[in-house]
Amino acid sequence: MEKIRVYELAKKMNMTIGEIKDNLKKIGVEVKSHMSNVDSDLEVKIRERISNSTDVKEEEEIQETIEKTQKTNKKNKNKLDINEEMDIVEIPANLTIKELSVALDRKVNEIIKMLMMEGTLATINDTINFEDATKIAERFNFITEMLPEEDILGKEFAKIDDERKAVTKQKRPPVVVVMGHVDHGKTSLLDYIRNSKVTKGEAGGITQHIGAYTIESNGEKITFLDTPGHAAFTQMRSRGASITDIVVIVVAADDGVMPQTLEAIDHAKAAGVTIIVAINKIDKPGCNLDKVKKELAERELLVEDWGGDVVAVPVSAHTGEGVDHLLEMIQLTASLETLEAEKQGKAKGTVIESALDKRRGTVATVLVQNGILKLGDPIVVGESHGKVRAMIDDKGIRVNSAGPSMPVEILGLSKVPNAGEVFYVAKNEKHARQLAESVEAKGRVDMLNASQHKVSLDDLFDKIQQGEVKELKIVIKADVQGSIEAIKTSLEKLSNEEVRVNIIHGGVGAISKTDVMLASASNAIIIGFNVSPDVNAQSEAEIEKVDLRVYNVIYNAIDDVKRAVTGMLEPIYEEKIIGTAEIRQLFKASGVGTIGGSFVMTGKLVRNCGVRITREGKLIYEGKLGALKRFKDDVKEVAKGYDCGLLFENFNDIKELDVVEGYIMEEIKR
Ligand code: GDP
C-alpha cells in the first residue's frame, strides 16, 4: 500500500491538520504527528465517512446531549457542595480591610469595629495579615484558608479570563525559541530569517532589538524569541511562564551533538515543548548528516528518516538553503497543535525582557498571549503597575494595539518587572496599583516560605509519604562523562513503587546558573560530582532554594539519595542552650558523689541534659547531668527560680558559685 504523510493528505483533501486528524480518529486511525505516514487509501475512507455525514451528525448530536446533561448534573452537585461548606473563605496572606469586607460580605465599618475590639486601629485601605484577618473572620463564623501562592493576580483576573474564554478563539502565530551549542549558528539563523522574511518597506525592516520579532512566511506569521540561549528560556519557565510553543535546536553539521545541544534537548524536554532540529552549516564541505542523526538518536531524539517523529531540517544560515523548509515545518507543527487565542477583550501576556532606561524609564518587552493590549491600558505585572504610555513594535513603529503572539515594547511601568512574569489589564490605574501592592506584600511573606515548596533530599521522604512527591528529579554535573553515566544508572535504580528517580539532565563541567534555573523550574535537585558551583550558581541556588550537593565519592552521592528516598537520611543535631544554674551548697552523699545544691537562674534544666561547668569564667567540666533532684526526688525538669540538686557524670570536683550551663542536642532541618 502506498503511503502518504498526514499533512500531504490534509493538503490533498483541503482540510486543516486538525480536521484531518479528527477524521482519521473517527475512522479509528491515531496518528502521532503531521509527519506520520498513513495508507493512501484512507482518503477514500474519509470521503465515505463524510458522505454518510447525516448519520454521523445525528450520532454526534446525541453524544453532545449526553455530555451536556452530565455537565449540568455535575454543576448542580457542585452547587450543593458549596452550600454545605459556605463558611469557608479563601483569603490571601495579606489583604486590605476593604478586601476582607468583600470576602466576608460584611460592611467595612463592622470589620473596623471588630478590629478595634481586638485592639487594632485600622482604616479601609490598611493591609492586615492572614492571622489578624482570620481572627476577624472567625468572629463572623468563617473558617479561613490561605489562597495558594502567586494567585493574587491569577485569582483577581480569573473572571476576566473566563469571560474571554467565552469568546471564540482564533488561530494565533506560534512562538518559537532557538537553542543549541555555542557557535552552531543560532544567531546567524535568526539573523537570516529576520533579514529575509520581514516584509520590505516596513520602515527598513527590524532595526531595533526588542527581544522578539514576528516574521511572515507563506502568508502566515511566526514569532521568534530573539534570545538564543537556555538561560533566558529556563528563567522564564522558572517563573511559571510557558510562552514557547516550539523549540528549534540548532546543531552544526560539521560539529555534531555537543554538551549544550544536550542541555538544550533536556531543557526543551523538561518543558514539554515540541522540538524541531535544524542541522546547520550544510554548505560546509565534509559535513555528515547521518552522524548528527545518529547522535540525536542516542539522545532519544529519533528523526523521521530514522523511523522517529522528530522533524530535522538541513539548513544553511549562510546560503539560506533549507530555511524556507524549516519555516514550513514550524508552521505545520503549529497548525497541528492548533494554537489559538482570543483576539478581543482585555489583554494578558508575559514579560520577555525588561530594563531601566535612563531616558525612557522602565522599558518592558511583553508578548501578548490573549486579548488585545491597547495604548493607555492600566496594567499590573507582579509588583509593578502603570499605564501603557507608549507601545512600540519590533520594527520600531509606535502602535496603538497589539494582539496574540505579538511582541511589543511598553513604557509606563512603575518598576522593572521580571522576565517571565504575567501582565494583566486591570479595571483602572488604582486597581492596578492596589494589586501590585498586594503582590509586593505577599512577596515578602512568600520569600520566607519559599523553601517549603522546593524539593530537597532532607524532607523528600515526608513528601513521598504525604503523596506530594512522586518523582525525584535530578540534575547531574560531573567532571567526566563516564561519571555521569555511572551515577545516572545507579540513581535510576533507586526508583521504587512510591517514587521514581528521574535524571532530567546530565552534563560535564561546573554547576552553572543555568543548571540551577533548570532545577528550579523543574523542581529538581542538583548533584555535582568532582565539580563545584560557580559563584553565580551558588547565589542563584540560595535565592531559588534549590538543593545543591557536591560529592567527591560516587558512593556517598548514591547513598544520600538512597537514604532520602527511603527516609533514612542521618539527622543533623545542633546544640541548644536551655538554661543556667548556680551551685550554692555542696552535699557529699556516700557511694553517689558530690551533689550541688543549686538555683536555676535562667531557662530550665532537664534530666540527662548536656552540661558545662565554668568557674570564674573558665570551663572546668563538660559532660552530662547524672541526676536532677528536687529535695529527694528525681525529676524531669526544674525551671528558673527553683532550687535543685545536681549530680554530674564522673565529676565531683564542684565548688560553690560554679555556674552550670545546660544544653540539649536538637535535630535541625538541613
Ligand atoms: P551561535 O553562537 O550559535 O549564535 O553561532 P553564530 O551564529 O554566532 O555562528 C558561529 C559561527 O558559525 C560564525 O562564524 C558564523 O558565521 C558561522 N556560521 C553560522 N551559520 C553558518 C552556516 O550555515 N554555514 C557556515 N559555513 N558558517 C556558519
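The values are calculated or read from the model by the stated rules, or taken from the named source; none is laboratory data. All figures in this text were calculated on a predicted structure; none of them were measured in a lab. Positions of Cβ are generated from backbone atoms using ideal geometry, with glycine treated the same way; all protein chains shown enter the neighbour counts. To get the accessible areas, we keep the full protein, side chains included, count just its heavy atoms, and leave off ligands, DNA and RNA. Shrake-Rupley method; radii C 1.70, N 1.55, O 1.52, S 1.80 Å.
What to note about this one:
- Residue, farthest from the chain's Cα centre (by Cα), within region 513-557, restricted to residues that are of a type in the set (Ser, Thr, Tyr) and part of a helix (DSSP H, G or I): TYR555
- Test result for VAL248, at pLDDT 85 or above and within 26 Å of LYS197 (Cα to Cα): yes
- Those residues of region 266-287 which are within 15 Å of the ligand (Cβ to nearest atom) and out of contact with any helix residue (DSSP H, G or I) (no Cβ under 7 Å at 6 or more places or on another chain), in sequence order: LYS281, ILE282, ASP283, LYS284, PRO285, GLY286, CYS287
- Residues of region 388-447 classified as within 30 Å of THR96 (Cβ to Cβ), of a type in the set (D, E, K, R) and over 23 Å from the mean Cα position of the chain (by Cα), total: 5
- Contact map, region 595-617: first residue in a loop (DSSP other than H, G, I, E, B), second residue crowded, with 21+ Cβ neighbours inside 10 Å, Cβ cut-off under 6 Å, separation 6 or more or different chains; pairs are ARG607/LEU628; CYS609/GLY662.
- Strands (runs of 3 or more DSSP E) completely within region 329-424 that count 1 or more residues being touching a residue at least 40 places away in the same chain (Cβ under 8 Å), open to solvent by less than 20 Å² (accessible area, probe 1.4 Å) and in contact with a Lys or Arg (Cβ under 8 Å, 6 or more places away or on another chain): 361-370, 378-381, 384-392, 407-413
- Lone unmet requirement of (1) more than 15 Å from the ligand (Cβ to nearest atom); (2) touching a Pro at 6+ places or on another chain (Cβ under 9 Å) for ARG299: (2)
- Residue within region 305-314 that is at pLDDT 90 or above, within 16 Å of the ligand (Cβ to nearest atom) and under 30 Å from ASP22 (Cα atoms) present: yes
- Evaluating ALA297 against the criteria (1) free of Cβ contacts under 8 Å to residues at least 40 places away in the same chain; (2) touching a strand residue (DSSP E or B) at 6+ places or on another chain (Cβ under 6 Å); (3) among the aliphatic types (A, V, I, L, M); (4) closer than 30 Å to VAL6 by Cβ leaves one unmet condition, (2).
- Candidates LYS640, LYS629, LYS636, filtered to the one that is free of Cβ contacts under 8 Å to residues at least 60 places away in the same chain and either open to solvent by less than 40 Å² (accessible area, probe 1.4 Å) or more than 20 Å from SER590 (Cβ to Cβ) (or both): LYS636
- Note on region 115-141: residues that are among the polar types (S, T, N, Q) and in a strand (DSSP E or B) amount to 2.
- Of all the residues in region 463-491, those that are within 23 Å of the chain's Cα centre (by Cα) and either open to solvent by less than 30 Å² (accessible area, probe 1.4 Å) or without any contact (Cβ under 8 Å) to a residue 12 or more places away in the chain (or both) number 11.
- When LYS562 is tested against the conditions (1) farther than 30 Å from LYS629 by Cβ; (2) open to solvent by 70 Å² or more (accessible area, probe 1.4 Å); (3) free of Cβ contacts under 8 Å to residues at least 40 places away in the same chain, the lone failure is (3).
- Looking only at region 184-194, and only at residues there that are modelled with pLDDT of 90 or more and within 7 Å of the ligand (Cβ to nearest atom), the one that is most open to solvent (accessible area, probe 1.4 Å): SER188
- No other residue among GLY617, GLY603, GLY591 is farther than 30 Å from GLU492 by Cβ, out of contact with any Leu (no Cβ under 8 Å at 6 or more places or on another chain), open to solvent by less than 60 Å² (accessible area, probe 1.4 Å) and of a type outside the set (Ser, Thr, Tyr) apart from GLY603.
- Within region 566-580, residues that are modelled with pLDDT under 70 have Cβ atoms under 9 Å from residues that are open to solvent by 70 Å² or more (accessible area, probe 1.4 Å) in these pairs: MET568/LYS562; LEU569/ARG670; PRO571/GLU667; PRO571/ARG670, counting only partners at least 6 apart in sequence or on another chain.
- Matching residues in region 258-284 - criterion: being part of a loop (DSSP other than H, G, I, E, B), at pLDDT 90 or above and touching a strand residue (DSSP E or B) at 6+ places or on another chain (Cβ under 6 Å): LYS281, ILE282
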